[in-house]
Amino acid sequence: MSEAKKEKILYIATFAGEHPEKATLPFVLANGALAMEVEAVIALQSTAVYLAKKGYLDNVFAAGLPALKDLVKSFLDQGGKLLVCVPCIRERKIEESDLIQGARPVSAAALTQEILEANATLVY
């Protein structure tokens, strides 16, 4: 008897503090997915890579939504995977040592593999 494949959702975030609502929503949804025992992965691309920079989340708030810093902590504490685009951090002169604990730098091939394994991919 084979074990059923766990459902998986990949959220690709492309915004940071310049649009706090769009930066926050993937984490709201991913926390909900984890609470439902659905595997959740968030990939940060473009300016969203700043969300993985130490100290950055202290200043990102979206009206009517939980603090992004708390959502990210909850996401990671529940076992969510936080992937960070390597070319995007290089472009912004962010070193891997500048990333928060739990953020994992990835290449295009690694992200493509996550997309192929996911039941759904959403882009914010």
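The values are calculated or read from the model by the stated rules, or taken from the named source; none is laboratory data. Remember, predicted model here, so these are calculated numbers, not experimental data. Here Cβ is always computed from backbone atoms with ideal geometry, including for glycine, and neighbour counts include all displayed protein chains. We work out accessible area using only protein heavy atoms, side chains counted, and drop any ligands, DNA or RNA first. Shrake-Rupley method; radii C 1.70, N 1.55, O 1.52, S 1.80 Å.
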* **Verdict on Lys54 being exposed (fewer than 15 other Cβ atoms within 10 Å of the Cβ) and in contact (Cβ under 8 Å) with a residue 12 or more places away in the chain** => yes
* To do: Select from the stretch 1-40 the residues that are surrounded by fewer than 20 Cβ atoms within 10 Å (Cβ to Cβ) and over 20 Å from Asn119 (Cβ atoms) and list them in ascending order.
  => Met1, Thr14, Gly17, Glu18, His19, Pro20, Glu21, Lys22
* Answer with yes or no whether Ala43 is open to solvent by less than 10 Å² (accessible area, probe 1.4 Å) and either free of Cβ contacts under 8 Å to residues at least 60 places away in the same chain or part of a helix (DSSP H, G or I) (or both). => no
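From Thr24, Thr47, Thr14, which residue is of a type in the set (S, T, N, Q) and out of contact with any helix residue (DSSP H, G or I) (no Cβ under 6 Å at 6 or more places or on another chain)?
Thr47
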* Go through (1) aliphatic (A, V, I, L, M); (2) buried (at least 19 other Cβ atoms within 10 Å of the Cβ); (3) touching a Gly at 6+ places or on another chain (Cβ under 9 Å) one by one and return the number of the condition Ala48 breaks. => (3)
* **Checklist (1) in contact with a strand residue (DSSP E or B) (Cβ under 6 Å, 6 or more places away or on another chain); (2) part of a loop (DSSP other than H, G, I, E, B); (3) at pLDDT 95 or above applied to Ile9, failing item** => (2)
* Within the stretch 57-84, can you find the residues that are open to solvent by less than 20 Å² (accessible area, probe 1.4 Å) and either under 14 Å from Ala43 (Cα atoms) or among the polar types (S, T, N, Q) (or both)? -> Val72, Phe75, Gly80, Leu82, Leu83, Val84
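Only one residue in Arg92, Arg104 is farther than 21 Å from His19 by Cβ and among the basic types (Lys, Arg). Which one?
Matching residue, one of Arg92, Arg104: Arg104.
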